[in-house]
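Worksheet for the structure shown next.
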Amino acid sequence: MKLVWQILAVVLACAIGGQSATAVQDNPWLSLLVGGLAAVLAVAVYRWVVGRTEQRPVTELAPRGASRALLRGLVIGTVMFGCVMANIYLLGDYRVHGFGSLSGPIGLVGFMAGAAVTEELMFRGLLFRLVERGLGTYAALALSGVLFGAAHLFNKDATLVGAAAIAVEAGGMLAAGYAATRSLWLPIGLHFGWNFAESGIFGTEVSGNGSTHGLLDAATSGSALVTGGEFGPEASGYAVLFGAVMMAVFLRLAHRRGRIVPRRQAGRVNALATLAR
């Protein structure tokens, strides 16, 4: 029952926050406010329900060091996506026509913050963390990555290639970032930095959602292998390459820190059964 309560409480909080943010996304200031509140609500619910059901300090969301981890993730995510766009630009497949709007990115701060927090709590805080207990780090990374990619198939211009790319460059990389730090703050910052740079700065589509609100008025053209096509640059070969490299770096760091959880055949079922009671 512990597992059920965790999933129900976090998913409900995330769904309420997500729907609220979506409903006001056309109003930048309301989107900023509602998205921020959704993120705060989701974190509070996660801390409460996990702390109560598992009877432990919720160290993966510890306040100490949170700002540094968030900033570190923000820088990594923004620089990574900047590198993706730099390569697409150098091939002549990304053209900037001028400046876009200022209000659009303001609203995206709240919207993307809410999305980054809620998705990290569900996919890394719950799914990856709980599966890792029984199946080990690598199996949990693969499973959570595949499910994270599959979740993006419901987006407007979603493609199988885009979902597969998301599974590697985001699902795998973010789970590896959590494994290396045992904190959700770095993946949250990285997730936000990547998504905000994608739409809020460079004006490209995010995961096939079909709309952009960037500081730059720009467009991509050319091979879908390079640009990601209608799904956006997240389906670009460059995004997959940089994401895979960063995932390997995080996994190497997790290994050096002794944070890779091995697969325990004998204790796998018992661990999950104990959690579910």
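The values are calculated or read from the model by the stated rules, or taken from the named source; none is laboratory data. Quantities reported herein were computed from a predicted structural model and do not represent experimental measurements. Heads up, the Cβs are rebuilt from the backbone with ideal geometry, glycines too, and the neighbour counts pull from every protein chain shown.
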| said: Can you say whether Gly162 is farther than 19 Å from Ala69 by Cβ and buried (at least 24 other Cβ atoms within 10 Å of the Cβ), as far as the supplied structure shows? | reply: yes
Scanning region 227-267 for residues that are in contact with a helix residue (DSSP H, G or I) (Cβ under 7 Å, 6 or more places away or on another chain) and among the aliphatic types (A, V, I, L, M) gives Ala235, Ala239, Val240, Ala244, Met246, Met247, Leu251, Leu253, Ala254, Ile260, Val261
Notebook entry, point to check: In region 53-62, is there at least one residue being in contact with a Pro (Cβ under 6 Å, 6 or more places away or on another chain) and at pLDDT 90 or above?
Noted result: no
| Is at least one residue of region 166-177 of a type in the set (Val, Ile, Thr), farther than 17 Å from Gly110 by Cα and crowded, with 24+ Cβ neighbours inside 10 Å? | yes
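For (1) at pLDDT below 95; (2) under 13 Å from the mean Cα position of the chain (by Cα), each residue gets a yes or a no:
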| residue | (1), (2) |
| --- | --- |
| Glu119 | yes, yes |
| Leu126 | yes, no |
| Ala142 | no, no |
| Leu160 | yes, no |
| Met173 | no, yes |
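One line per residue, one yes/no per condition, for (1) more than 26 Å from Ala9 (Cα to Cα); (2) without any contact (Cβ under 8 Å) to a residue 24 or more places away in the chain; (3) surrounded by fewer than 18 Cβ atoms within 10 Å (Cβ to Cβ):
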site: Leu33; (1), (2), (3): no, no, yes
site: Val49; (1), (2), (3): no, no, no
site: Glu54; (1), (2), (3): no, no, yes
site: Val58; (1), (2), (3): no, yes, yes
site: Ile76; (1), (2), (3): yes, no, no
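Looking only at region 123-138, how many residues end up being buried (at least 23 other Cβ atoms within 10 Å of the Cβ) and of a type outside the set (Lys, Arg)?
Number satisfying all stated conditions: 4.
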